[in-house]
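Values in this text are rule-based calculations from the coordinates and carry no lab data. This is a predicted model, so every value here is computed, not measured. Every residue, glycine as well, gets a Cβ built from its backbone with ideal geometry; the counts of neighbours run over all protein chains shown.
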């Protein structure tokens with residue numbers, strides 16, 4: 001992937017979480033950040049489940065230091081003209097917290 005395409009992927013990921021993109025080497029492990037999330041962005045042809053798990057563990061720890069959920073925003077690179085969906089991956093603890101917050105919000109409505 002070209003550098004400009006990579007920047008655009010990070011911009012799109014930041015927009016998904018209503019956040020901002022960090023330039024190269026400015027956010028450390030964090031590529032994107034919002035009020036609720038810190039995220040790593042990956043677009044790869046292949047990414048093993050073990051690699052994805054390791055990324056989630058790393059960004060989760062970073063998120064904990066900031067009081068935010070750590071997420072990995074991943075997209076499979078399938079070649080020019082072949083669109084693939086973004087996947088948003090978080091660990092079980094973060095999912096349970098946001099699920100509870102969502103349920104509370106629905107009950108309050």
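Size estimate for segment 25-109 follows the Kirkwood approach: the inverse of mean 1/r over distinct Cα pairs works out to 14.0 Å. Do the sum for the chain: with -39,500 (n - 2.57) for every DSSP H run of n ≥ 4, divided by all residues, what is the mean residue ellipticity at 222 nm, to the nearest 500 deg cm²/dmol? The per-residue figure over the chain is -15000 deg cm²/dmol.
For helix 3-16, what angle does its Cα long axis make with the longest principal axis of the chain, in degrees from 0 to 90 and rounded to 10? Helix 3-16 sits at roughly 20 degrees to that axis. To the nearest ten degrees, helix 49-66 and the longest principal axis of the Cα atoms of the chain are 50 degrees apart. Each DSSP beta bridge with both residues in segment 3-108 is either parallel or antiparallel, and the antiparallel ones are about 50%. Below 8 Å between Cα atoms, with a sequence gap of 6+, how large is the relative contact order for segment 3-108 in percent? Value for segment 3-108: 19 percent. Relative to its Kirkwood radius, the Cα radius of gyration of segment 49-95 gives an Rg/Rh of 1.08.
Label point of residue 35 set 7 angstrom out along Cα-Cβ; within segment 63-96, amide nitrogens under 15 Å from it belong to 68-69.
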